[in-house]
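To start, the structure under review is shown below, and the notes come after it.
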Amino acid sequence: MATTAALRPPLRRRLASFVHRRPWLKLSLLLGPPMGWMLLVYLGALLILFLAAFWRQDPVTSVVQREWGAQNFRTLVEREIYRIITLRTAGIALAATLADILLALPLAYYAARLATPKIRTAILLSITLPLWSSYLVRVYAWRVILADNGALDWTLSKLQLGALHLGFSNWSVWIVFVYLWLPYVMLPIYASLERIPNSFVEASADLGARWWITLRRVIVPIALPGIVAGSIFSFSLTLGDYIAPTLVGNTQFIGNVVYQAQGVANNVPFAAAFAIVPVVIMAFYLLAARRLGAFEAL
């Protein structure tokens, strides 16, 4: 008996062998803690947000009353101002995303497939270098550039081209968002283009395809997951931003209304109801990307 006990492997080795023979258990132990944390914090917060959207605020005492109703959603639908704010937010988010994709595609393609190592390093550094500075510093810098009689108008006036007066307008908000999220769009596209084998492009050329046919039928379909990943960053970050519209546009986004309703008016139920709108917009955006087959190659 003593000899048998001595020959028995240690408990730690037996546990390791037990887990090794059961891959599902190994995967559960690996993904269980982060998945549980995400379910508790992220999905739990969304559930509380959804429930709070059906409460109401007492108009006299401003106290939140846990009485169920859809009055907050009716307010969002019936009042034109909230429909305009929603369309403005989604429209500028979509416009900034499309502009970022159009700017990032040629730059990423050149860096991934044509540039020398030194030029590639310089391009990647120039793209990521603005991320080292504060978000507020970059926004305030663009506020100085785009303001009336700012750096842009002063330069154009010196060139006898006339002033554009883009400060505190939707145009300035769009320009700032395009600048802010360009690195987040360019880097996933660059990563997807870098993985395309040269043989694919060479085979397309050998078969007589012109460059735009190769781009449309070979390069873009393979790079589509990276394009969609970058567009998700740009679109979602623009939907939830409320600082840039305040500083450079002096306009209302969904985030501004949510902040004012929750932080100023203490109307948590209405803020929760309006905060659900970007979530619904992103859900439709992801469904549209899935219908286009953007996630099949992931």
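The values are calculated or read from the model by the stated rules, or taken from the named source; none is laboratory data. Quick caveat: nothing in here was measured; it's all calculated off a predicted structure. Counting neighbours? That spans all protein chains shown, and the Cβs are built from the backbone with ideal geometry, glycine included. Note: accessible area is taken over every heavy atom of the protein model, side chains too, but ligands, DNA and RNA are not part of it. Shrake-Rupley method; radii C 1.70, N 1.55, O 1.52, S 1.80 Å.
A few remarks follow.
- Of the DSSP H helices in the chain, those whose Cα atoms cover at least 20 Å axially and whose Kyte score averages 1.6 or more: 220-240, 268-291
- Prolate/oblate/rounded call for the range 1-159, Cα gyration tensor, a/c under 1.5 rounded: oblate
- For the range 105-178, fraction of C-alpha pairs farther apart than 19 Å, in %: 53
- Based on protein heavy atoms only, the chain ends up with 63 Å² per residue of surface accessible to a 1.4 Å probe.
- Relative counts (whole %) of C-alpha pair distances in the range 34-112, using bins that are 10 Å wide: 15, 21, 27, 24, 10, 4, 0
- Pairwise label distance in nanometres, Leu102 with Leu136, each label 7 Å out on the Cα-Cβ vector: 3.4
- Per residue, the convex hull volume that the Cα atoms of the range 13-78 enclose (Å³): 127
- For the range 153-290, alpha-carbon Rg over 2.2 N^0.38 Å: 1.46
- Computed on the range 104-237, with alpha-carbon pairs under 8 angstrom and 6+ residues apart, the relative contact order is 28 percent.
- What separates the Cα centres of the range 161-201 and the range 212-281 is a distance of 15 Å.
- Loop-exposed GluC sites (Glu not before Pro) per DSSP, neighbour cap 11 Cβ within 10 angstrom, longest uninterrupted part of the chain: 68-295
- Working from label points 7 Å from Cα in the Cα-to-Cβ sense, the Arg79 to Leu25 distance is 5.7 nm.
- Estimated FRET transfer efficiency (Trp154, Leu40; beta-carbon r; R0 30 Å; 0.05): 0.05
- Within the accessible area of the chain (1.4 Å probe), percent carbon and sulfur: 68
- Hull-based mean projected area of the chain, where the convex hull spans the alpha carbons, in square nanometres: 28.2
- Computed over Cα pairs, the Kirkwood radius of the range 211-298 leads via Stokes-Einstein (0.890 mPa s, 25 °C) to a diffusion coefficient of 162 µm² per second.
- Dimensionless Rg over Rh [the range 71-122; C-alpha; Kirkwood]: 1.43
- Choice from Leu25, Leu124, Leu161 showing the highest fluctuation, given a GNM over the chain with Cα pairs closer than 10 Å: Leu25
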